[in-house]
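Take a look at the structure set out below.
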């Protein structure tokens, strides 16, 4: 996977969190994904198809997901429910939409799917064969979350 495929998602993640969630996430390290396990309790996954195809994942702790929901919609939750899952899916949808707009300006076009959300400890997301996934960690207060991108040029 080309490294430049990650930057639009990093930029879009920062923008969506600042404008829609009211949180300015601090960027962490880029890393190569070596496992299909996701590190946190809740993950949103969205597919991409077109000149670039694959998927992008956002993964975070339940605690951070509740904080995101509260800042995004003004609802306070202490248990995982459809509202929390929908909020994480919508945040990812906005991140993918923002990245799509950046790619479009570079002449790279793709469509995005409806997001899916997975909840549970040690869940996994299968990856494309022969396509390297790249992740970026972000820090929000005492919590972290990750964005992982797995894209292949062409479909």
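Name the single residue that is surrounded by the most Cβ atoms within 10 Å (Cβ to Cβ) among those in the range 72-90 being closer than 13 Å to residue 116 by Cβ and touching a strand residue (DSSP E or B) at 6+ places or on another chain (Cβ under 7 Å).
Ranking the qualifying residues of the range 72-90, first place goes to 88.
Would you mind stating whether residue 15 is free of Cβ contacts under 8 Å to residues at least 12 places away in the same chain and within 14 Å of residue 102 (Cβ to Cβ)?
no
Which is surrounded by 21 or more Cβ atoms within 10 Å (Cβ to Cβ) and not in a strand (DSSP E or B), of 48, 69?
From the options 48, 69, the qualifying one is 69.
Does residue 101 fit the bill of being assigned to a helix (DSSP H, G or I) and either exposed (fewer than 12 other Cβ atoms within 10 Å of the Cβ) or more than 13 Å from the chain's Cα centre (by Cα) (or both)?
When the stated conditions are applied, residue 101 passes them.
Inspect the range 59-79 for any residue being modelled with pLDDT of 95 or more, under 12 Å from the mean Cα position of the chain (by Cα) and more than 23 Å from residue 105 (Cα to Cα) and give the result as yes or no.
So far as the range 59-79 goes, yes, one or more of its residues are modelled with pLDDT of 95 or more, under 12 Å from the mean Cα position of the chain (by Cα) and more than 23 Å from residue 105 (Cα to Cα).
Scanning the range 124-142 for residues that are crowded, with 17+ Cβ neighbours inside 10 Å and closer than 26 Å to residue 81 by Cβ, which turns out modelled with the highest pLDDT?
The extreme case among them is 138.
Of the residues 50, 54, 89, which single one is in contact (Cβ under 8 Å) with a residue 24 or more places away in the chain and over 18 Å from the mean Cα position of the chain (by Cα)?
50 is the lone residue from the list that is in contact (Cβ under 8 Å) with a residue 24 or more places away in the chain and over 18 Å from the mean Cα position of the chain (by Cα).
The values are calculated or read from the model by the stated rules, or taken from the named source; none is laboratory data. It should be emphasised that the depicted structure is a prediction, and the values quoted were computed from it without experimental measurement. Heads up, the Cβs are rebuilt from the backbone with ideal geometry, glycines too, and the neighbour counts pull from every protein chain shown.
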